[in-house]
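Have a look at the structure below, then the notes.
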Amino acid sequence: MKVRLHNPRRDLEVRGGRRVLEVLTEMGMNPESYLVIRGGALLTADAVVGDDDEIEIRPVISGGAAGGAPCAA
């Protein structure tokens, strides 16, 4: 399966037919720190990815202004 990593950007080939959790663990990535996307859809840790899949792995980024005012709806 083709894996596109971000930060730094690079492409890898890894064995499919496994759960997302297994792929991330094998790559030494903390599953709580990354988003896995296939065809524009976010995958859960128990989703199975196949040999023919193309996925993106992106780091979870959070933040914002501390003490900022809430947004008006």
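No lab work stands behind these numbers, since they all come straight from the coordinates. Treat the numbers as computed from the prediction; the structure is a model and nothing was measured. FYI the Cβ positions are ideal-geometry reconstructions off the backbone, even for glycines, and counts take in every protein chain you see.
Using only side-chain charges placed at the Cβ, +1 for Lys and Arg and -1 for Asp and Glu, the dipole size of the chain relative to its Cα centre rounds to 220 debye.
Sequence-distant contacts, meaning Cα pairs under 8 Å at least 6 residues apart, place the relative contact order of the chain at 38 percent. Other residues with beta-carbon under 13 Å from the beta-carbon of K2 carry, at +1 per Lys or Arg and -1 per Asp or Glu, a net charge of -3.
Extension gain, D46 to E26, is 5.7 nm, computed as 0.36 nm per intervening residue step minus the present C-alpha separation.
Residue-wise HN-Hα couplings along segment 30-38, as the Karplus relation 6.51 cos²θ - 1.76 cosθ + 1.60 with θ = phi - 60° gives them from phi, are 6, x, 7, 9, 9, 9, 10, 10, 10 Hz; Gly and Pro carry x.
Helices in the chain, meaning DSSP H runs of at least 4 residues, each add -39500 (n - 2.57). Divided by all residues, the mean residue ellipticity at 222 nm is -2500 deg cm²/dmol.
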